[in-house]
Structures are given as C-alpha cells and as structure tokens.
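The values are calculated or read from the model by the stated rules, or taken from the named source; none is laboratory data. Computed from a predicted structure; not experimentally measured. So basically every Cβ, Gly included, is an ideal-geometry build from the backbone, and we count neighbours across all protein chains shown. Please note that ligands, DNA and RNA were not included when accessible areas were found on the heavy atoms of the full protein model with its side chains. Shrake-Rupley method; radii C 1.70, N 1.55, O 1.52, S 1.80 Å.
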Amino acid sequence: MASNNSNGKPIKKKSGIFKKLFILFTILIAIFSGFIVAFYLVTTNTDIVDLPPPKVATVFFDNNNKEFSRLYLENRLEVPLQKIPDIMLKAIINVEDRRFYEHFGIDLQGIARAIKADIISGDFEEGASTITQQLARNVLLTHKKTVSRKVQEIILAIKIERRYSKDEILERYLNQIFFGHGVYGVEAASRFYFAKSVSELELHQIALLIGIPKNPNGYSPFSHPERSKARRSVVLRVMAKQGTITPEEAAFYKAKPLDIVTRNSKKKRASYFRDYILSILKDKLKEIGINEETLYTRGYKIHTTLDMSAQIAAEEAIASFKRGKPDKNGITQPQLALVAIDPHTGHIKAMVGGRDYNNTQLNRAAQAYRQPGSTIKPFVYTAAIDSRQYTPTSIIIDEELSFKTPNGIWKPRNYDNNFRGEISLQAALEKSVNTVAIKLANELGASRIVTYAKKMGLTSIITRGKLNDVNLSAMALGGFTKGVTPLELAAAYTPLANQGISTNPIAILEVKDSNGQTIFQEKTSKKIVLSEATAYIMTDM
C-alpha cells in the first residue's frame, strides 16, 4: 500500500515516475556519450585495439591419442570457427545479437528496444549489448554495471570492429564465453556437458549450450535441470521465430531429454602420472623459455606413454586392497604405489602414487624411497650367473651364518627361521632364501653386487660416507641407507626382460604448441648392460 505525505497524496507513484525518468536520463547520457566517442573514433585515425590471446588449457593425451587430463587457469579449449556447426553460429546470433552482421559494434535498434523495456519495467531489466560489446567486456573490462564502463564498452566494441572481421569476432566470442563449473568456450563446454566435440552436437544440445551463458550458475543442467530445460526451450523458440528452424523442429527438440553426461562419469584418472610429467616438464621447458604460467595458458598438447587400460587396471588393483584407519595426518593407511614399464621401450604404461590423490598428493611411485628388501636379490643372482661360476642348478648350503661387525656378531636368519641344507640357486631364488643370497654376495663381494645393480639402473645406492650400502646387509637383503623408488626399481629390472638391454623410463613422447609445432621430445635411451644369455637365464629363474 502506498504511503501519503502531509497533504494526503500518495508518494509511491511519484517515486516510480522519478525512477523511470532517472533510468531514461541515465541511458540517454550513456548513449549520447557513446555516440560522441563513436563519432570521434570513426572520423579520426585513433589506435585500434588488439585482443589478448585467450587462456587455453594444456591437454594431456595417452598413447592412443585420447585426452585424460588438463592443466589450466581457465578450462578452455580453442576451436576454429569452421569446426563449429553452422546451426550453432545462427543460434548464438538469434539469441544474443540478431543484427550482428549489420552493425558496427553497437546496435541502435537494440538500444531503442532496451530503453523501451527498461522504462516499462521501471528497472534496468534488458540490455542491448552486442556480441562485440560482450567480447570487449569479457576480455578487457569488468562486469560492473556503471555508465563509465558502458561508455568504455562502446569505445572498445567499435575499435574491435575496426580491427577484426565479423567471423574473427564471432570465433573469439564463442571461445571466450563462460559456461559455468569453471568451463570457458563452446568446445570445452561441449566436452564437459556432453563428452563430445562441439562439431558432433545435436540441435537440442546446441540450444542447451547457447542458453547457459545468460546465467551460468542458474541454468546449469547439473545444478538446475528444470531451469536449464526451460531456458533451452526459450532458445529453440527464438530460433524458430527468427526462421533458423521450423516450429515443428522446435517442438521436436524441445521434447528431447537434457542428454548430458553424469557427474560420476567425470572421474579423474592418472593424476599422479600427470604430476610426474609436470615435474619433468618444468625443468625441460625452462631451457626453451616456457615458464610455469605459460604451461597453464597456451594450449600445449602433451602426448604421453600412458596406456589407459593398464592405468585403470592399476587404479582398480590399488583400490582393491583393504583400507585401514587414517594416521595422525588424516592419510589412509596402508598406502600403496604401482608402476608398469614396457621393458623394450621404457614407456611408463601406468603409475599410481597412492590410494587417493585427493587425500595425499605424494607420488610414492616416483618420490617415496623405501627399503627394497628381497627385491634386491635378483641383482645378487645376476652377478653370480654372469660370473660363470654358478648356474641355476648349482648347489649352495642353506645353513646358519655368523659375521663379525663393528656392532657385534650378526647372525642372519631366513624369514621362516628354518634352514634347508642343500638347495639349488633356482630354488633359493624362488623361495627368497636369505642365507644363500648372503653367501653369494659374500663370495662375489658386496662392491661387485653394487656395480651390477648400478649399471642395471639402481641410482640411489650410497657408496661413500660412514653410512653406505657397500655391505652384505644392504646388497643381499636390501637394507639400504636411503632406499629406492618403485619407478627406479622397475627400471632396473628391464634388462632382465629385454635381452640384457637397459632402457630408461620415459613418460613424454612429445609436446606440441597451440600451432601443432613440436617443441619437445623425449626418446628412450638404450644400453647393453648384460649378456643376452645371462638375461635369459635370470628371466627363466
């Protein structure tokens, strides 16, 4: 109910008129200012504006050229105009700027239509921003609604129209706009909502995307499916009204389901592997002038050795282990790691650095040093077989041993506290008998085992200082000073499965820039470290 002043006359009606007059006055000032500036720009040789390049995500691909991860400040994938369906181009113009190809950056008819709507509603209800103005606002300005910003927007829109063709402006706009959930541009949005490229979209999917930018949070099909569907209907109705599609087509596609992918299907894979690649790239790319921020914004394509089927199997294997209670840091125990390498190429096929990347980012496959334990024994047996003093059938006595050390007498035991007497090398390796490995290391010499382990690929062996690994405990039972990583150990095993040839593990095949030019390649380094006969015998054992 309207209140009265001292004369008993209603105040609300007057205030409403004043508000409408103020709106009209404000709009007219903005337009007048804009036209003065526009006239000046058109009639003088003022500098034109250059739009900065969009921030484009770097994409990681597996060995089948399938994307598995992205790195970005803004989740955007650039797509050229010719790869965007013509029906989408028409739809965006129908909805956002029907006179796009006719105006010079600002639309006078659109402004008149907006003034009428705002005066009737008594509020700033409808805008008249062209696609070019929206591009200027998104790239060069803020979204704050002020007269001065509107004037700047008009100036920049005219400058942009003088610098770029209509198709260039449309392409930049479609690659720039925000679609909610941290997603920018039609290509990234298409993959996010529908798991396919924009060139593969159907009309109802195109209409849904076109409707989102007006209110990305409010029209998200994940958060507000009914609102999103209603907004899609509006887009289809506008397209029919503009003659882009028939009313029958609009009705047909209006009845379609949202057809979006489920949020659960967006599970991230190979996060530890991606981080491992980044740790390599940051140093490598510095050498050619690429810094970390550039890596997040310039749309590089990183082709890797990852085999996604192997990676999924690895992640499922890790997940299948029984979970214990979290430790004092909130990290679930026990933790696990897994790495798989093709011994012939050195390609890392799978890598898992822990149970849950969101819980802990420490990559235990490449960063955590642990005691190798009995996994050191194949290096002892390799040295023995390669010496030609032993064969798989050579007999060793499994018996109680005793050694003098600076700390007293050391009496190593087998894990089951039993001694087997006579036993072949092959059986001793199969049963992981400690005393036989110690006897072999003692007879060959710990330093000789170190030599074999290092040339096969163990790089973390400490050979100098008071605490070192040149001793029987370390080289026969794996009690290392520092330890080894699973990645290092797997790489050191490659000569056994590769006819005596050692291959260094690699994760990156090549890195391409946004123009498709190769800027970095990593190749396998191979070296013969064992005879083919020794490798064959050890593999057989």
Within the accessible area of the range 165-250 (1.4 Å probe), percent carbon and sulfur: 46
Exposure of Leu306 as accessible area (Å², to 10), given a probe of 1.4 Å and all protein chains: 0
Using distinct alpha-carbon pairs, which all enter the 1/r mean, Kirkwood radius of the range 392-541 in Å: 17.7
Cα-based Rg / Dmax (Å) for the range 350-447: 17.4, 52
Length-normalised contact order for the range 379-464 - Cα pairs under 8 Å, 6+ apart - percent: 35
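For the range 233-286, state the semi-axes of the equivalent ellipsoid (square roots of 5 times the eigenvalues of the alpha-carbon gyration tensor), sorted largest first and rounded to whole angstrom. Write out the running numbers ahead of the final one.
Details: eigenvalues 438, 56, 7 Å².
Its equivalent ellipsoid spans semi-axes of 47, 17, 6 Å.
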Principal-axis tilt of helix 166-176 within the chain, Cα atoms, nearest 10 degrees: 50
Ranked by how many other beta carbons lie within 10 Å on average, peptides 153-160, 268-275, 62-69 from highest: 153-160, 268-275, 62-69
Cα long-axis angle, helix 446-456 against the chain (0 to 90 degrees, to the nearest 10): 40
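How do the peptides 511-520, 98-107 rank, highest first, by the average count of neighbouring beta carbon atoms within 10 Å per residue? Don't jump to the answer; show the numbers that get you there.
Numbers: 511-520: 13.8, 98-107: 17.1.
For the peptides 511-520, 98-107, the packing ranking is 98-107, 511-520.
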Degrees between helix 434-444 axis and first principal axis of the chain (Cα, 0 to 90, nearest 10): 70
Candidate residues Arg263, Arg137: accessible-area rank, largest first, probe 1.4 Å: Arg263, Arg137
For the chain, calculated [θ]222 nm from helices alone, where every DSSP H run of n ≥ 4 adds -39500 (n - 2.57): -13500 deg cm²/dmol
Residue among Asn515, Val234, Val183 farthest towards the positive dipole end of the chain, charges placed on Cβ: Val234
Portion, in percent, of the accessible area of the range 265-414 that falls on carbon or sulfur, probe 1.4 Å: 50
Cα lying deepest toward the dipole's positive end in the chain, options Ile423, Thr375, Asn358, charges on Cβ: Asn358
Stokes-Einstein translational diffusion, the chain - Kirkwood Rh over all Cα pairs, 1.306 mPa s, 10 °C, in µm²/s: 55
Size descriptor, Kirkwood hydrodynamic radius, that averages inverse alpha-carbon separations across the range 397-442, Å: 11.0
For the chain, share of DSSP beta bridges that run antiparallel, in % to the nearest 5: 80
Compactness of the range 445-534 as Cα Rg over 2.2 N^0.38 Å, two decimals: 1.38
Heavy atoms of Met308 accessible to a 1.4 Å probe, total area in Å² rounded to 10: 40
The range 301-395: translational diffusion in µm²/s, Stokes-Einstein, Kirkwood Rh over Cα pairs, 25 °C, 0.890 mPa s: 152
